[in-house]
Amino acid sequence: MVFRMSGIVKRFGGLTALDRVDFEVAPAEVMALVGDNGAGKSTLIKTMSGAHAPDEGTIEMEGQEVRFRSPQEAWDRGIATIYQELALAGKMTVVDNIFLGREIRKPILGIPFLNRQAMRKRTGELLSQLDVHVPSIDAWVESMSGGQRQGVAIARALNMDARLIIMDEPTAALAVAEVRKVLDFITKLRAQGKSVVLISHNIQDVFEVSDRISVMRHGRCIAVRETKKTTPQEIIGLITGAHEVRAAAS
Amino acid sequence: MNLSSLGNHVERFGLVLVWLAVIAIFGAMRPDTFLTWSNFSSIFGSEAVLVIVTLGLVIPLTAGDFDLSIAQTLTFCSMLTGLLSARVGIPIEAIIPIALLAGAAVGVVNGAITLYFRVHSLIVTLGVGTFLHGITLWMSDSQTISGVERALMNYVIIYRIFGIPVSFYYAILLAALVWYVLSYTAFGQQLLFTGRGREVGRLSGVAVGRVRMAAFVASGVMGAIAGILYTGTTGSANPNSGTTLLLPAFAAAFLGATCIKPGRFNAWGSVVAVYFLVTGINGLSVLGFRTYVHDLFYGGALVVAVMVSQLVSGRKERTL
């Protein structure tokens with residue numbers, strides 16, 4: 001496994017947001033994470049990305065136990081999280097966003113200077129590799145469409161050498177053609193050997209690109225299914241708790 | 001050169017052109033008093049302090065924080081320099097590091113309160129600045145302290161290069177340093193992300209707390225440098241010296257953000273803005289206007305600068 005969480009507990013005051021959650025992702029796997037609002041998906045990804053420290057449980061990245069005290073440490077470990085609204089700074093350019101934290105420098109008379117030329121060149125390469133088209137790499141990100149922003153955010157993750165890429169609702173509020181594009185990005189990442197955690201409400205998207213599906217309910221990870229061996233009906237039943245009702249009835 | 005790149009150049013150097021126009025107008029009206037090298041060299045030298053205060057403000061402003069205490073840091077460090085030299089008799093080369101450390105300490109206090117208690121920096125630095133002014137008045141007994149070691153004056157205002165006091169060159173060196181850090185270093189990028197997308201920066205691995213703290217310490221040290229130079233410029237320490245510098249520095253910082261690199265607080269824009277403002281005031285006083293023009297000019301410039309920068313950024317959003 002590239003990434004494994006065992007027995008993760010996270011409490012906020014009296015509320016237990018995560019209750020002994022186990023979660024794992026294999027190499028070159030797209031693991032979907034589904035669940036109703038308030039099921040604990042956001043808290044779980046914040047724990048993976050170093051934004052929250054768990055109260056109990058262990059996290060392993062590539063077989064080594066890790067403990068993230070900040071998002072920076074998670075990035076350094078190769079975990080890139082693409083938040084729905086907070087992935088990129090709107091009032092900064094594409095190049096600035098992609099190279100944040102990984103600036104290319106060039107010494108002039110022994111003094112390090114940012115090498116903007118090299119960064120712009122590399123940005124062009126990254127974007128064409130993903131087949132992302134933006135009006136200009138020097139334009140502010142906020143002027144771009146949701147699909148273009150997802151592309152830029154993924155380019156950033158690739159530039160950071162991320163091995164595990166967590167995507168929070170990447171297709172929400174996108175036009176149909178753009179959803180297609182973002183799902184293509186995800187298959188491309190898998191083809192490059194990257195592991196992806198896909199958080200989504202859209203069961204159709206989940207079935208289209210994922211290899212396995214983890215279902216969260218009431219702060220617990222209640223089921224993991226192989227996508228090929230399950231059905232949307234079963235997954236929806238697990239999300240809504242319909243299976244519990246049936247089990248109680250029989 | 002096509003029309004839009006011409007437009008960009010006009011925007012970048014607009015303030016420089018306005019400055020030259022102001023010089024031409026006053027020069028035409030008072031060629032014998034205004035348009036003299038001695039008038040300009042004295043402006044360049046004596047206003048170096050304001051340039052440095054403005055540069056100091058630009059650093060936390062880029063990270064989205066205000067340092068209203070910088071003028072009182074200047075006064076405090078100026079008074080510290082004056083007292084240690086005139087009353088205690090410590091040699092000036094030993095005083096300078098002490099004053100710089102004091103400025104850095106003010107920055108640490110500002111940063112620690114702002115970050116730890118999550119209070120807006122505007123409020124924290126307003127309080128810290130006023131508190132510092134109280135300390136300054138207390139330790140000086142509200143008196144101007146004169147009799148500062150002569151060497152300090154020599155190395156600030158007496159020695160000249162091309163007829164301009166050396167203090168001007170210190171300000172230009174610091175402007176070059178701030179320009180380098182803001183435009184050409186990873187730290188500069190982090191400052192900008194901290195100011196423009198703090199939460200994005202944090203989640204993307206920028207240690208925003210450390211960046212903001214560093215910005216406060218930098219502005220504290222800049223305040224201290226300005227304080228030392230202020231003492232050197234007059235040869236004495238006045239317990240109210242910095243009070244009148246805060247508003248001009250803010251006006252210059254915001255005005256500076258409309259030129260050279262429009263839409264960003266920047267070092268060279270700040271330098272141009274300071275000298276534009278003081279040229280205007282100098283010209284008006286040569287024409288015989290009284291001191292009230294200071295307030296009219298600086299206050300008006302601040303408001304106009306904020307309006308222009310809002311227009312600039314609004315148009316950027318539409319066209320890019």
### Directionally averaged shadow of the stretch A:3-249, computed from the convex hull of its alpha-carbon atoms, nm²
15.2 nm²
### Message
What are the membrane-span-like helices in chain B by this rule: whole DSSP H runs, Cα extent along the axis at least 24 Å, mean Kyte-Doolittle hydropathy at least 1.6?
### Response
B:92-116, B:166-184
### Task
Treating the Cα atoms of the protein assembly as shown as identical point scatterers in vacuum, please give the log10 of the normalised Debye intensity I(q)/I(0) at q = 0.12 Å⁻¹, two decimals.
-1.12
### Query
About the Cα centre of chain A, what is the dipole size in debye to 20, counting +1 per Lys and Arg Cβ and -1 per Asp and Glu Cβ, all else neutral?
440 debye
### Message
Below 10 angstrom from the Cβ of residue A:16, what's the summed charge of the other residues (Lys, Arg +1; Asp, Glu -1)?
### Response
+2
### Cα-based Lys proximity count in the protein assembly as shown, under 15 Å, for pairs eight or more positions apart or on separate chains
6
### Message
Let me check against my output: what whole-number percent is the relative contact order of chain B, with C-alpha pairs under 8 Å and at least 6 apart?
### Response
31 percent
## Note on the structure
Over all directions, the stretch A:141-250 yields a Cα convex hull whose mean projected area in nm² is 8.2 nm²
#### Entry: Accessible area (Å², 1.4 Å probe, nearest 10) - residue A:181
70 Å²
### Message
Given points 7 Å out from each Cα along the Cα-Cβ axis, report the residue A:161 to residue A:142 separation in nanometres with one decimal.
### Response
3.4 nm
### Query
Considering the dipole of the protein assembly as shown built from charges on the beta carbon (Lys and Arg +1, Asp and Glu -1) around the Cα centre, which of B:282, B:246, A:224 is farthest to its positive end?
B:282
### Message
If I ignore ligands, DNA and RNA and count only protein heavy atoms, how much of residue A:128 is accessible to a 1.4 Å probe, in Å² to the nearest 10?
### Response
80 Å²
### Over the stretch B:1-122 - Rg/Rh using Cα atoms and the Kirkwood inverse-distance radius
1.13
### Task
May I ask which residue of B:166, B:267, B:6 lies farthest towards the positive end of the charge dipole of chain B, with charges of +1 (Lys, Arg) and -1 (Asp, Glu) on Cβ and the Cα centre as origin?
B:6
### Query
Sequence-distant or interchain residues sharing an amide H contact under 5 Å with residue A:38, placed H: which?
none
#### Entry: Rg to Rh quotient for the stretch A:118-181, alpha carbon positions, Kirkwood Rh
0.95
### Query
Leaving out ligands, DNA and RNA but keeping every protein chain, what accessible area does residue A:216 have, in Å² rounded to the nearest 10, with a 1.4 Å probe?
0 Å²
### Task
Report the antiparallel proportion of the DSSP beta bridges in the protein assembly as shown as a percent, rounded to a multiple of 5.
60 percent
### Query
When Lys and Arg each count +1 and Asp and Glu each count -1, what net charge do the other residues less than 11 Å away from residue A:181, Cβ to Cβ, add up to?
-1
### Semi-axes of the equivalent ellipsoid for chain B, Cα gyration tensor, largest first, Å
30, 28, 16
### Query
Which FRET efficiency value, to the nearest 0.05, is calculated for residue B:144 and residue A:53 with the Förster distance at 56 angstrom and r the Cβ-Cβ distance?
0.55
### Query
Quick one: net charge of residue B:217's neighbours, Cβ under 15 Å, K/R +1, D/E -1?
0
### Query
Considering the dipole of the stretch A:1-124 built from charges on the beta carbon (Lys and Arg +1, Asp and Glu -1) around the Cα centre, which of A:35, A:84, A:17 is farthest to its positive end?
A:84
### Task
Give me the angle, in degrees from 0 to 90, between the Cα long axis of helix A:146-159 and the longest principal axis of the Cα atoms of chain A, rounded to the nearest 10.
80 degrees
### Query
Dipole magnitude of the stretch B:45-240 about its Cα centre, charges +1 at Lys/Arg Cβ and -1 at Asp/Glu Cβ only, in debye to the nearest 20?
360 debye
### Task
Please list, in chain and number order, the residues 5+ apart from residue A:82 or on another chain whose amide H is under 5 Å from its amide H, with Hs placed from the backbone.
A:166, A:167, A:168
### Task
With +1 on each Lys and Arg Cβ and -1 on each Asp and Glu Cβ, and nothing else charged, work out how big the dipole of the protein assembly as shown is about its Cα centre, in Debye to the nearest 20.
480 debye
### Amide H within-cut-off set for residue A:223, under 5 Å, with H built and near neighbours excluded
A:215
### Rounded tilt (10° steps) of A:176-191 against the dominant C-alpha axis of chain A
90 degrees
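The values are calculated or read from the model by the stated rules, or taken from the named source; none is laboratory data. Predicted model only: the values in this text are computed from it and were never measured. Cβ coordinates were reconstructed from backbone atoms using ideal geometry, including for glycine residues, and neighbour counts include every protein chain displayed. Side chains are part of the model used for accessible areas, which takes the heavy atoms of the whole protein and leaves out ligands, DNA and RNA. Shrake-Rupley method; radii C 1.70, N 1.55, O 1.52, S 1.80 Å.
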